[in-house]
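Chemist: Just dropping this structure here.
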Amino acid sequence: MKAVQFTGYGDIAANVLLADIDKPSISDDEVLIETYAAGVNPLDFKVIEGGLKQVKRFKFPATLGYDVSGIIVEKGANVVDFNIGDEVYSKVNMQGTFTEFVAVNQNIIGLKPKNLSFEEAASLPLVALTAIQSLQRGKIKKNDKVLIHAGSGGVGSIAIQYAKSKGAYVYTTTSTENVAWVKELGADRVIDYKKEDYKTIVKDIDLVLDTLGDEFTADAFKVIKNGASVITLVGPVDEETANRMRLNGVAKLYLKWKRRQITKLIKSKSAYYSLVLMRANVKQLNEIAELVEAGKIKPKIDQVFSLKDTLNALLYIKKGRTKGKVVIKVK
């Protein structure tokens, strides 16, 4: 079967290829999904460039991809909640969805939302789970004032819709060319960062979702009220998350030193701060499907590429100018 793999860390174009590999076999707790579509995420090119090799090292060549939607064609002996022919979607824990078939544990797959195409469904798992886990970590509730950075991105576009489904008032940032598009997602105040300084507009926020890092992480504390939450996807690792990662004492001391500025800011605002490392969660996948079928969340597709054109899809999202998600159509 065909699969898009990377052969080593470094330059994307030099390390990505379309290969012929063996069709996977399944265990008793797995299903075999015939891939119809696979979502592309910034995580994919970051892995190729070596940005995550301190966390996970791969045996090369390794198949790319984390999001999948397709049809179950085989199931293991212990699989009781799914049947052959079911249309499903999932965020896999290991890479390997840029391929014609993928074996996935039954505990991390959900039934595809009935009102979505395979391409739309494949665009959702990683970004939607990230958005939900981030906003739930920040204990989002009705009437909260929420700031979501990069509203036109994959996570941002879903986070806006999820926050609105919870009754929050949403501020978001984006570029001039995306203002109208982001307004259509339901954001209450869209801030054009090329023309406006969000720090002069956003005040007394209950929850900030930081998708950008660097100065944006620290500046979040300038716009929140006392006791509010700052949830980051890219900022320094907090103590709670470091413990969850089961790091050794030396690593924890190093991370404590790296977040010393953030620690001061947390204390100054009596704030809650957390780095979210998204995990596959079937209960939340089912919640996403319910929200989609109820019309409260609609995935936004920027472009669809073929499997053989996956390299160009990766190079395209690396530019950082996507409006919604990029998807690989496999079948």
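Chemist: So which residues in region 97-135 are polar (S, T, N, Q) and part of a helix (DSSP H, G or I)? Walk me through it before giving the result.
Modeler: Filtering region 97-135 down to residues polar (S, T, N, Q) leaves 97, 99, 105-107, 115, 117, 123, 130, 133-134.
Hits for region 97-135 are GLN106, ASN107, THR130, GLN133, SER134.
Chemist: Only one of (1) touching a residue at least 24 places away in the same chain (Cβ under 8 Å); (2) assigned by TED's automatic domain parsing to the domain that holds LYS139; (3) assigned to a helix (DSSP H, G or I); (4) not basic (Lys, Arg) is not met by SER229, so which one is it?
Modeler: Unmet for SER229, out of (1) touching a residue at least 24 places away in the same chain (Cβ under 8 Å); (2) assigned by TED's automatic domain parsing to the domain that holds LYS139; (3) assigned to a helix (DSSP H, G or I); (4) not basic (Lys, Arg): (3).
Chemist: Please go through region 153-168 and give me each residue that is of a type outside the set (A, V, I, L, M), without any contact (Cβ under 8 Å) to a residue 40 or more places away in the chain and either under 14 Å from GLY138 (Cβ atoms) or buried (at least 22 other Cβ atoms within 10 Å of the Cβ) (or both), ordered by number.
Modeler: Listed by number, the list holds a single entry, LYS166.
Chemist: Checking the structure you have, find out if any residue of region 64-87 is assigned to a strand (DSSP E or B), among the charged types (D, E, K, R), surrounded by fewer than 20 Cβ atoms within 10 Å (Cβ to Cβ) and in contact with a Lys or Arg (Cβ under 6 Å, 6 or more places away or on another chain).
Modeler: Initial filter on region 64-87 (assigned to a strand (DSSP E or B)): 67-75, 87.
With the extra rule that they be among the charged types (D, E, K, R), the set shrinks to 67, 74-75, 87.
Then keep just the ones that are surrounded by fewer than 20 Cβ atoms within 10 Å (Cβ to Cβ); that gives 74, 87.
Then keep just the ones that are in contact with a Lys or Arg (Cβ under 6 Å, 6 or more places away or on another chain); that gives 87.
Within region 64-87, one or more residues are assigned to a strand (DSSP E or B), among the charged types (D, E, K, R), surrounded by fewer than 20 Cβ atoms within 10 Å (Cβ to Cβ) and in contact with a Lys or Arg (Cβ under 6 Å, 6 or more places away or on another chain).
Chemist: Which of the residues belonging to region 160-193 are over 18 Å from ASP302 (Cβ atoms) and of a type in the set (Phe, Trp, Tyr)?
Modeler: TYR162, TYR169, TYR171, TYR193, listed by residue number.
Chemist: Does region 127-135 contain at least one residue that is within 22 Å of LYS319 (Cβ to Cβ), surrounded by fewer than 21 Cβ atoms within 10 Å (Cβ to Cβ) and either of a type outside the set (Lys, Arg) or free of Cβ contacts under 8 Å to residues at least 24 places away in the same chain (or both)?
Modeler: no
Chemist: Looking only at region 262-269, decide whether some residue is among the hydrophobic types (A, V, I, L, M, F, W, C), at pLDDT 90 or above and within 26 Å of ASN41 (Cβ to Cβ). Spell out the reasoning first.
Modeler: Restricting attention to region 262-269, the residues satisfying the condition of being among the hydrophobic types (A, V, I, L, M, F, W, C) are 262, 265-266.
This time we only want the ones that are at pLDDT 90 or above, so: 262, 265-266.
Within this subset, residues satisfying the condition of being within 26 Å of ASN41 (Cβ to Cβ) are 262.
Checked against the condition, which is being among the hydrophobic types (A, V, I, L, M, F, W, C), at pLDDT 90 or above and within 26 Å of ASN41 (Cβ to Cβ), region 262-269 yields at least one hit.
The values are calculated or read from the model by the stated rules, or taken from the named source; none is laboratory data. None of the values given here were measured: they were computed from a predicted structure. Don't worry about glycine lacking a Cβ; one is built from the backbone with ideal geometry, like all the others, and counts go over all protein chains shown.
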